[in-house]
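Q: This structure is in structure tokens; I'll ask about it shortly.
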Amino acid sequence: MKFHITTMGCQMNVGDGDWLTRSLVSQGFTPASEDQADIFILFTCSVREKPEQKVASELGRIADRHGGRPDAFVAVGGCTAQQIGTALWRRFPMVRLVFGTDGLAAAPRALARIVDEPGLRLSLLDFTETYPERDQAWPKDRLPAKAFVSIMQGCDNFCAYCIVPFVRGRQKSRALPAVLAEVEALATRGVREVTLLGQNVNSYGLDAAGDGTSFAALLDAVAAVPGIGRIRFTTSHPKDLSDDVIARFAALPELCPALHLPVQSGSDAVLARMGRGYDRAAYIRLVEKLRQARPDIALTTDLIVGFPGETEADFRLTLDLVRDVGFDSGFSFMYGDRPGTASERMEPKIDQKTKSARLAELQTLLDERLTASLAAQVGRTTEVLIEGQSRRDGPDGPSWQGRDPGGRIVNMTLPGAARAAGTLVRARIRQAKKHSLIGEAEADHD
């Protein structure tokens with residue numbers, strides 16, 4: 001049968017969707033556009049209320065377009081599936097499989113069984129005590145230039161606002177040999193860059209399910225894999241970012257000078273109510289250490305406005321922190337209650353009008369930071385890993401797109417474009433656009 005995957009939310013879901021695609025293809029299923037598919041698979045997010053509402057809207061749309069086809073059905077995975085569970089069956093008759101984050105490994109077999117048994121519905125919602133390893137079905141063809149590698153699952157932090165520990169479970173790290181085996185297999189199939197994924201990668205290996213390997217030691221091992229030229233990781237919790245990991249930015253040339261380090265607020269009072277485990281001064285000390293280790297590091301962050309009890313003065317401290325740190329860019333969100341979290345019971349709540357106004361002001365500042373960080377790259381020479389063709393051609397012919405070590409998008413025309421994807425190209429940045437850079441190729445390294 002033909003399947004179509006729609007992914008919402010974080011990079012963990014993207015990585016899970018990539019694995020499920022490979023696994024289903026190995027079993028004889030065929031990827032297809034939505035119009036041609038028989039099986040519709042949704043990877044969902046429930047970190048905020050709006051993505052959760054999007055899931056219901058997407059399921060309703062699929063039912064309207066494809067509900068009349070007797071063999072068509074929907075599988076819902078990810079955090080919303082874990083949160084709502086089999087209640088999805090009652091509201092959406094087309095849903096025949098719900099699988100949580102620990103149930104993904106069994107999803108291919110479950111889908112095959114549902115195809116063979118009309119009317120069958122299955123749920124895979126139990127949490128496991130150890131990381132649920134997945135069969136790796138590798139294609140014969142070369143893979144794209146970059147790939148995601150999950151190194152852990154779940155989270156033990158229980159920040160006051162966060163639903164993740166409830167929908168992804170407690171932290172479970174993969175054993176080092178399993179991670180390395182996957183990275184090595186990716187490298188032999190043409191992958192040049194890997195992004196190591198986890199809810200809190202800085203505490204990798206230190207949970208009861210882990211083998212005791214530190215995250216810094218994992219970085220060393222991955223950097224030693226032949227063929228891997230770039231390493232990234234996400235997400236980092238500031239309270240667990242060790243000096244050993246910071247030192248790797250100076251010691252490992254494969255580790256890209258880019259770090260997403262969510263701060264959430266610039267107010268110590270708000271950070272304490274959030275249960276983040278650090279204050280403003282500690283966060284700034286981390287930034288100083290990172291820039292000492294790698295002066296060109298690109299720092300990005302997450303910020304929440306309107307957390308219960310946030311005053312105007314608290315919000316101004318957040319704006320000041322953005323200016324003081326000089327983030328390259330950031331993601332910002334309005335606070336919303338999530339079921340079962342500590343902050344759901346906190347008062348006073350901030351009214352919608354105030355939250356909206358604060359979000360707009362913060363996003364304007366972050367846009368200014370992005371513009372400034374991109375403009376600062378003009379005139380510099382950098383190395384770009386080409387990922388594929390751009391959506392639009394440039395004035396000099398077909399345009400290709402890649403990223404510099406800091407993670408910024410760079411578009412350029414290339415000689416020998418037929419073999420461009422996956423190559424490393426030295427480029428001089430000649431122009432900054434709204435969200436990307438325009439480069440001029442100097443020479444490729446392959």
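Q: In percent, how large is the relative contact order of the chain, given Cα pairs closer than 8 Å and 6 or more residues apart?
A: 10 percent
Q: Could you list which residues have their amide H under 5 Å from that of residue 329, counting only those 5 or more apart in sequence or on another chain, with H placed in the peptide plane?
A: Correct list: 301.
Q: Next question, about the same structure. For the chain, report the accessible area per residue in Å² (1.4 Å probe, heavy atoms, rounded to an integer). Before the final figure, lay out the partial values.
A: Values: 19420 Å² over 446 residues.
Using a 1.4 Å probe on heavy atoms only, each residue of the chain averages 44 Å².
Q: Also, I was wondering about something else. Label-point separation (nm) for residue 130 and residue 170, each offset 7 Å from Cα along Cα-to-Cβ?
A: 1.6 nm
Q: With n ≥ 4 as the cut-off for DSSP H runs, can you work out [θ] at 222 nm for the chain, using -39500 (n - 2.57) per run divided by the number of residues, rounded to the nearest 500? Write down the numbers at each step before the final one.
A: Details: 13 runs with 150 residues, N = 446.
It lands at -10500 deg cm²/dmol.
Q: Let's see if you can work this out: charge +1 on each Lys and Arg Cβ, -1 on each Asp and Glu Cβ, no other charges. What is the dipole magnitude of the chain about its Cα centre, in debye to the nearest 20? The partial results should precede the final answer.
A: On the way: 55 positive and 56 negative charges, 130 e Å.
With Lys and Arg at +1 and Asp and Glu at -1, about 620 debye.
Q: Return the single residue from 184, 133, 117 with maximal mean-square fluctuation; model: Gaussian network over the chain, springs between Cα atoms under 10 Å.
A: Most flexible of the set in this elastic network: 117.
Q: Near residue 76, within a Cβ-to-Cβ distance under 14 Å, what is the net charge of the other residues, with Lys and Arg +1 and Asp and Glu -1?
A: Working: positive: 54, 61, 90, 91, 96, 121; negative: 16, 52, 58.
Cβ neighbours under 14 Å give a net charge of +3.
Q: Subtracting the Cα-Cα distance from 0.36 nm times the residue separation, let me have the gained length for residue 434 to residue 56 in nm, one decimal. Don't jump to the answer; show the numbers that get you there.
A: Details: separation 378, 0.36 × 378 = 136.08 nm, distance 3.26 nm.
Length gained, residue 434 through residue 56: 132.8 nm.
Q: OK, next. Taking θ = phi - 60°, what integer Hz values does the Karplus form 6.51 cos²θ - 1.76 cosθ + 1.60 yield along the stretch 126-138, in sequence order, with x for Gly and Pro?
A: Working through the residues one at a time gives 6, 7, 9, 7, 10, 4, x, 4, 10, 5, 9, 9, 8 Hz.
Q: Which order do peptides 402-413, 275-286 fall in by mean Cβ count within 10 Å, highest first? Write out the running numbers ahead of the final one.
A: Numbers: 402-413: 21.7, 275-286: 16.4.
Descending packing order for the listed peptides: 402-413, 275-286.
Q: In debye, nearest 20, what is the charge dipole magnitude of the stretch 289-346 about its Cα centre with +1 on Lys and Arg Cβ and -1 on Asp and Glu Cβ, if you could check? Please report the intermediate quantities before stating the final value.
A: Details: 7 positive and 10 negative charges, 51 e Å.
In total the dipole reaches around 240 debye.
Q: Give the long-range amide H neighbours of residue 161: residues separated by 5 or more places, or on another chain, with amide H under 5 Å away, using H modelled in the peptide plane at 1.01 Å from N.
A: Here 343 satisfy the definition.
Q: Then there is this: Carbon and sulfur: what percent of the chain's accessible surface (1.4 Å probe)? Mind dumping the intermediate values first?
A: Details: 9840 of 19420 Å².
Here carbon and sulfur together make up 51 percent of the probe-accessible area.
Q: Amide H to amide H under 5 Å from residue 413: which residues, 5+ apart in sequence or cross-chain, H placed 1.01 Å off N in plane?
A: Sorted by chain and number, the residues that satisfy this are 400, 441.
Q: Shape of the stretch 61-218 from its Cα gyration tensor (a ≥ b ≥ c, root eigenvalues): rounded if a/c is under 1.5, otherwise prolate when a/b > b/c, or oblate? Could you put the intermediate results ahead of the total?
A: Working: a/c = 2.35, a/b = 1.44, b/c = 1.63.
Oblate is the answer for the stretch 61-218, as a/c is 1.5 or above yet b/c matches or exceeds a/b.
Q: Mind listing the phi-derived Karplus ³J(HN,Hα) values for the stretch 102-119, rounded to whole Hz, using 6.51, -1.76 and 1.60 with θ = phi - 60°, and x for any glycine or proline?
A: Here the 3J(HN,Hα) series is 7, x, 4, 4, 8, 4, x, 5, 5, 5, 4, 5, 5, 4, 7, 10, x, x Hz.
Q: What is the sum of charges around residue 299, taking Lys and Arg as +1, Asp and Glu as -1, for the other residues whose C-beta is under 14 Å from the C-beta of residue 299? If you can, show how the numbers build up before the last one.
A: On the way: positive: 232, 285, 289, 291, 294, 323, 369, 408; negative: 288, 296, 302, 324, 328.
My count for the surroundings of residue 299 gives +3.
Q: What ranking, highest mean first, results for peptides 168-181, 50-63 when packing means the other Cβ atoms within 10 Å averaged over each residue? Don't skip to the answer; put the middle values down first.
A: Working: 168-181: 19.6, 50-63: 16.5.
Ranked by mean Cβ neighbours within 10 Å, highest first: 168-181, 50-63.
Q: By how many nm would the segment from residue 391 to residue 142 lengthen if fully extended, with 0.36 nm per residue of separation less the alpha-carbon distance? Could the numbers behind the result be given before it?
A: Values: separation 249, 0.36 × 249 = 89.64 nm, distance 2.20 nm.
Separation in residues times 0.36 nm, less the Cα-Cα distance, equals 87.4 nm.
Q: Sort 216-226, 5-15 by the packing proxy (mean of other Cβ within 10 Å over each peptide's residues), most packed first. The partial results should precede the final answer.
A: Working: 216-226: 17.5, 5-15: 19.5.
Packing proxy ranking, top to bottom: 5-15, 216-226.
Q: Residue by residue through the stretch 7-12, which ³J(HN,Hα) values in whole Hz follow from phi under the Karplus form 6.51 cos²θ - 1.76 cosθ + 1.60 (θ = phi - 60°), with glycine and proline marked x?
A: 10, 10, x, 7, 5, 4
Q: On to the next question. Where the centre of each part is set by its Cα atoms, how far does the stretch 1-59 sit from the stretch 322-356, in angstrom?
A: Here the two parts' Cα centres lie 28 Å apart.
Q: Continuing with this model, one more query. Name every cysteine in the chain that ends up alone, with no second cysteine's Cβ under 4.7 Å, or say none.
A: So far as the 4.7 Å Cβ criterion goes, 10, 45, 79, 155, 256 stand without a partner in the chain.
Q: Distance from the Cα centre of the stretch 118-148 to that of the stretch 196-237, in angstrom?
A: 20 Å
Q: What is the sum of charges, Lys and Arg at +1 and Asp and Glu at -1, for the other residues whose Cβ falls under 12 Å from the Cβ of residue 34? Mind showing how you got there, number by number?
A: Values: positive: 2, 61, 65; negative: 35, 38, 58.
Local charge sum for residue 34: 0.
Q: With the dipole of the chain worked out from charges on the C-beta (+1 for Lys and Arg, -1 for Asp and Glu) around the Cα centre, which of 303, 236, 89 lies farthest toward the positive end?
A: 89
The values are calculated or read from the model by the stated rules, or taken from the named source; none is laboratory data. Just so it is clear, the model here is predicted, and its values are computed rather than measured. Methodologically, a virtual Cβ is constructed for each residue, glycine included, from the backbone with ideal geometry; neighbour enumeration extends over all protein chains shown. Surface accessibility is based on the protein's heavy atoms, side chains included, excluding ligands, DNA and RNA. Shrake-Rupley method; radii C 1.70, N 1.55, O 1.52, S 1.80 Å.
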